[in-house]
Amino acid sequence: MPDAAEKIDSSLIRQLHDRGSVREYRADPVPDEMITAVLNAACRAPSSCNQESYSIVVVRDIEARRKIRQACGGGQPQIEQAPVFIAFCADTRRVAHACAKYGQPFDAEHTLEMFLVSSIDTALVGMCASLAAESVGLGTVMIGAIRNDVITASKILGLPPKVYPVFGLCVGWPVEAPPCKPRHPLDIVVHRERYDGTGMEGGVADYDRTLAAHYRSRGMPTVDHSWSQHMIDRFSEPPRPDLRAELKELGFEFR
Ligand SMILES: Cc1cc2nc3c(=O)[nH]c(=O)nc-3n(C[C@H](O)[C@H](O)[C@H](O)COP(=O)(O)O)c2cc1C
């Protein structure tokens, strides 16, 4: 980052620079008031057309968290370890209700746009919840793996049709401050006035090396082209190929 930019400071900018996903939690409880304060603040997030098309399910019950962990594929011990798991769900039911009550057909319901917008609304609230939780010293990690078996996860959460969990959020007290994972160099991400992809190849190569050094400094095995290899491993097969059919079963028709 340019030196001048580093002088621009705020508690939120510092928090963002220091943040990292937390995957190890202490057993200490997280008070309900704290979760309510975090979610109350998170719902201040902007939402498309003010439609607020999301619902949030707070899960504390250990049996339910165990089942959610299994539905996520069985890894992810943090889902059981963190005392709170919050599912952020795209939900247009309140919009549908308002339209139905006043006799307006809700033709947009099954459009890709509506699905996208409700997923975006949900993600913004989830990110705000993560930041709000971190601001009071809690740790969080998002769990996209909740879409590994979205039907089972939705059943555990008791979701009605046409509502799906976009991601979960583990919330608890971190065992240690999380490591700050490096990011792509800003100049291959941020473009001034017009998109300029000329620096991409060199920037990605730089990032591969930076990330490899980061992992090695933490005693974690990696290769020199660390990030690129991770992407290759991740996408050697299409991710969640059944998701479209599963969402259809949950009531999403994608017209
Ligand atoms: C939508 C979303 C889903 C994620 N799903 C998972 C997950 O299932 N399990 C996990 O351990 N981390 C998950 N993460 C966390 C990412 O792995 C993490 O944010 C990324 O590696 C960058 O690391 P950092 O957050 O520590 O900076 C997810 C993050 C996002 C934004």
Legend entry - Index of the failed condition, V175 passing every other in (1) among the hydrophobic types (A, V, I, L, M, F, W, C); (2) within 13 Å of the ligand (Cβ to nearest atom); (3) closer than 19 Å to R23 by Cα: (2)
Legend entry - Listing of helices (runs of 4 or more DSSP H) fully contained in region 65-139 that carry 1 or more residues being under 14 Å from V163 (Cβ atoms): 93-101, 112-135
Inset, instruction - State the number of residues belonging to region 3-49 that are under 16 Å from S135 (Cβ atoms), assigned to a loop (DSSP other than H, G, I, E, B) and basic (K, R). - result: 2
Legend entry - Tabulated pairs, region 163-179, first touching a residue at least 24 places away in the same chain (Cβ under 8 Å) and under 20 Å from V117 (Cα atoms), second more than 8 Å from the ligand (Cβ to nearest atom) and aromatic (F, W, Y), C-beta under 6 angstrom, 6+ apart or interchain: V166/F88; F167/F88; G168/F85
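To keep it simple, each residue is scored yes or no on (1) in contact (Cβ under 8 Å) with a residue 24 or more places away in the chain; (2) under 28 Å from F115 (Cβ atoms); (3) more than 22 Å from the chain's Cα centre (by Cα).
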position	(1), (2), (3)
D196	no, no, yes
M200	no, no, yes
L211	yes, no, no
M220	no, no, yes
R240	yes, yes, no
Inset, instruction - Name the residue, out of R240, R234, R209, that is of a type in the set (D, E, K, R), within 13 Å of the ligand (Cβ to nearest atom) and surrounded by 11 or more Cβ atoms within 10 Å (Cβ to Cβ). - result: R240
Inset, instruction - Report whether or not Q76 is within 14 Å of the ligand (Cβ to nearest atom), modelled with pLDDT of 95 or more and at positive phi. - result: yes
Inset, instruction - Among what's in region 1-46 and is among the polar types (S, T, N, Q) and over 24 Å from D91 (Cα atoms), pick the residue that is nearest to the ligand (Cβ to nearest atom). - result: S21
Inset, instruction - Considering only region 133-148, state which residues are more than 9 Å from the ligand (Cβ to nearest atom) and surrounded by fewer than 20 Cβ atoms within 10 Å (Cβ to Cβ). - result: S135, V136, G137
Inset, instruction - Please find, within region 178-204, the residue that is farthest from Q78 (Cα to Cα) out of those that are touching a helix residue (DSSP H, G or I) at 6+ places or on another chain (Cβ under 6 Å) and away from the ligand (no atom under 16 Å from the Cβ). - result: G199
Inset, instruction - Could you tell me which numbered condition Y102 fails, if it satisfies all but one of (1) among the aromatic types (F, W, Y); (2) closer than 19 Å to E253 by Cα; (3) away from the ligand (no atom under 14 Å from the Cβ)? - result: (2)
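For F106, are the conditions met, namely being assigned by TED's automatic domain parsing to the domain that holds V136, among the hydrophobic types (A, V, I, L, M, F, W, C) and farther than 25 Å from L131 by Cβ? Reasoning before the result, please.
Numbers: assigned by TED's automatic domain parsing to the domain that holds V136: yes; among the hydrophobic types (A, V, I, L, M, F, W, C): yes; farther than 25 Å from L131 by Cβ: yes.
Yes.
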Legend entry - L112 vs. criteria out of contact with any Asp or Glu (no Cβ under 7 Å at 6 or more places or on another chain) and within 20 Å of L131 (Cβ to Cβ): no
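Would you call D61 within 16 Å of the ligand (Cβ to nearest atom) and either surrounded by 10 or more Cβ atoms within 10 Å (Cβ to Cβ) or in the same structural domain as M127 (by TED's automatic domain parsing) (or both)? Spell out the reasoning first.
On the way: within 16 Å of the ligand (Cβ to nearest atom): no; either surrounded by 10 or more Cβ atoms within 10 Å (Cβ to Cβ) or in the same structural domain as M127 (by TED's automatic domain parsing) (or both): yes.
Taking the combined requirement at face value, the residue does not satisfy it.
The values are calculated or read from the model by the stated rules, or taken from the named source; none is laboratory data. All values reported here derive from a predicted model rather than from experimental measurement. Here Cβ is always computed from backbone atoms with ideal geometry, including for glycine, and neighbour counts include all displayed protein chains.
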